[in-house]
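Read-outs throughout are calculated quantities, based only on the coordinates presented, and are distinct from any laboratory measurement. All values derive from a computational prediction rather than experimental measurement. All Cβ positions, glycine included, derive from the backbone under ideal geometry; neighbour counts span all protein chains shown.
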Amino acid sequence: MAWNLDLLDVSATGLAYICLGGFVVLFSMISLLVREKLYISEVVLGTAFGILMGPLVANIFDPRSWGTDSNVITLEVMRVVLATGLFAIGIELPQSYLAEHAKGLLVLVIPTMAFGWLVVAGIMDALFPHLDFISCLVIAACLTPTDPVICATIVGGKYAVKHVPVNLRRILAAESAANDGLAYPFLSISIYLTIEASRGAAFSKWFVVGWLYQVILGTVIGAVLGLAFSRLMKYTHKKGYIDRESYVAQYLALAIFTIGIVRTLGSDDLLAAFAAGSAISWDGHFNDQVEGEVFASVIDLVLNCACFIYIGAWIPFHTFNSAHLFVSPWQLVVLVITILLLRRIPFVLLLHFWVPEITTWQEALFCGHFGGPEFIHLSMGVGAIFVSTLALTRLPEPQSPPQSQAELLAAVLHPIVSFVVLCSIIIHGLSIPFFSFSRKATRSLSISATLASGNVPEWLVSARRAPTSDNIAKRGSTPLHTGTSPAADIEAGSTATPTHPQLSSHNVNRVSVDGEVCVHLFSWVISESLTFLKADVGTYVQEGPIIGGEASGNVDGKAVRFPSDE
């Protein structure tokens, strides 16, 4: 009897599971090294892995081949990741943060977004002459919101915790969450101006639908849901009906529940998720219950990895140089550079006087460019892809070549936005490791150059000179050192070096005048670290006899003994 064994079932879904699961497994094994030592997040590595597995290289993982309408899949994937990220930001902000910092947040969000929207539209109008200004406004609306997912990987990372003040980290997180939801009005007015017959009808519909129904109603619904669930969970906790694990599960469940209700009503679901997260933790009860739990971080890691692998495989590289779409690489590169320089920095520097959380112009530069000395801009990522895909659902299906301005807009929207997002991810992900490495390299080269030249470093001149054991044991009227510092002793040619007596066998104290600065400094540091030299500045060991090969003496009235050089 013949057996026809056809057991292999190679499918797109199976390969997708392999790619997603395999990356998370591999990244988790080296996550401490990559995140805390190299300062590289899962955002960059996930995107790079998606590019390698996608149509550009291996062609194993191709989201655009899934189903008949890949835009719907892309839209919902981005929606879930954004909603959970915004909900988490709302929860993790301190209680009543939005009420206490409303002024600074409103100044930093709405005027800055409007300024960036118009600036980007003007840049695009100059670079892409085949697009009219209204079409440029649509694309600029997609690039206006900052990305909360990428922002969270910066402000929550080890490097940011060490170098960025907590007030800036919080205001940047809150801003990135708020302006993602507020991208709806900028997109809706641009779309209405494109598809409506008259501008009067477009502005009327924009005010009623774009602001009142989508933004205001969505925020109110999210806040009401958050407060209601906060009261309900406190009641069930008081009765003993809910455990800590169920509290943590609300991170994902409540976010999805909120966007489901608000999306069904047609309002701003992203802003509703942020409002719900802020409301549910308004009194701090929810935060107290989930403190120390790591499940939310696990969900965040898995969703981020999956999302950016998807983005890396989804990016349409073949459209970056398309003659029939009037898009070329040089236009895209110039667009990215000008966006980084002009989208936020000038206006944030101008408005920072009205933002109490920003105290100096350096902090304003950091918020505007999200980088200060690290030069990380507040990046565009998941939010830009979500808004651009949402815009495509309201535009006509483009033909090849496009037959109208609306079709041309629909055809170039994803290529332009995806190129900016790709550059944003690269710049965001590699800025911290690049500048961290450059600082270390610069410091090492500076020290090497100083030692090679034989000159004494300026900072060494002010270092305090420590006494030696010989001077401790045999101190008379001769001062313990010839200069005021180790550097002065080197310059004066002194042979009395600040070394521990037991180091003399290794010739550490034999310092030449012409440049063994590092050895002299090392011996001084060793001596300085000894307990008997940690007395007040100017206090020296009083003379004492040599007892049994040891030098004895007193420091601040306490008897001490030191081994002799013999």
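Quick look at the values:
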{"quantity": "Filtered chymotrypsin sites (Phe, Trp or Tyr not before Pro), the range 181-256: DSSP coil and at most 14 other beta carbons within 10 Å", "calculated": "Tyr241"}
{"quantity": "Inter-label distance for Lys205 and Thr13, nm, one decimal - labels placed 7 Å from Cα along Cα-to-Cβ", "calculated": "3.8"}
{"quantity": "Volume per residue that the Cα convex hull of the range 12-445 spans, once the total is divided by residue count, Å³", "calculated": "152"}
{"quantity": "FRET E, pair Ser297, Gln403, Förster distance 41 Å, beta-carbon r, rounded to 0.05", "calculated": "0.25"}
{"quantity": "Model label zone, Ser246; criterion: amide N under 19 Å from point 7 Å along Cα-to-beta-carbon; scope the range 273-293", "calculated": "280-281, 285-291, 293"}
{"quantity": "Cα→Cβ-extended label distance, 7 Å offset, between Ile195 and Ile216, nm", "calculated": "2.3"}
{"quantity": "Contact order normalised by residue count of the range 12-445, Cα under 8 Å, 6+ apart, percent", "calculated": "27"}
{"quantity": "When the range 71-114 is reduced to its Cα atoms, the Kirkwood hydrodynamic radius in Å", "calculated": "12.5"}
{"quantity": "Debye log10 I(q)/I(0) at q = 0.12, 0.15, 0.18 Å⁻¹ for the range 141-272, Cα point scatterers", "calculated": "-0.64, -0.89, -1.07"}
{"quantity": "At R0 = 22 Å, FRET efficiency that the Cβ-Cβ distance of Val166 and Lys234 yields, to 0.05", "calculated": "0.20"}
{"quantity": "Gain on full stretching of the segment that runs from Ser96 to Asp6 - 0.36 nm per residue minus C-alpha separation", "calculated": "26.3 nm"}
{"quantity": "Given charges at beta-carbon only (K, R positive; D, E negative), |dipole| of the range 166-292 in Debye", "calculated": "220"}
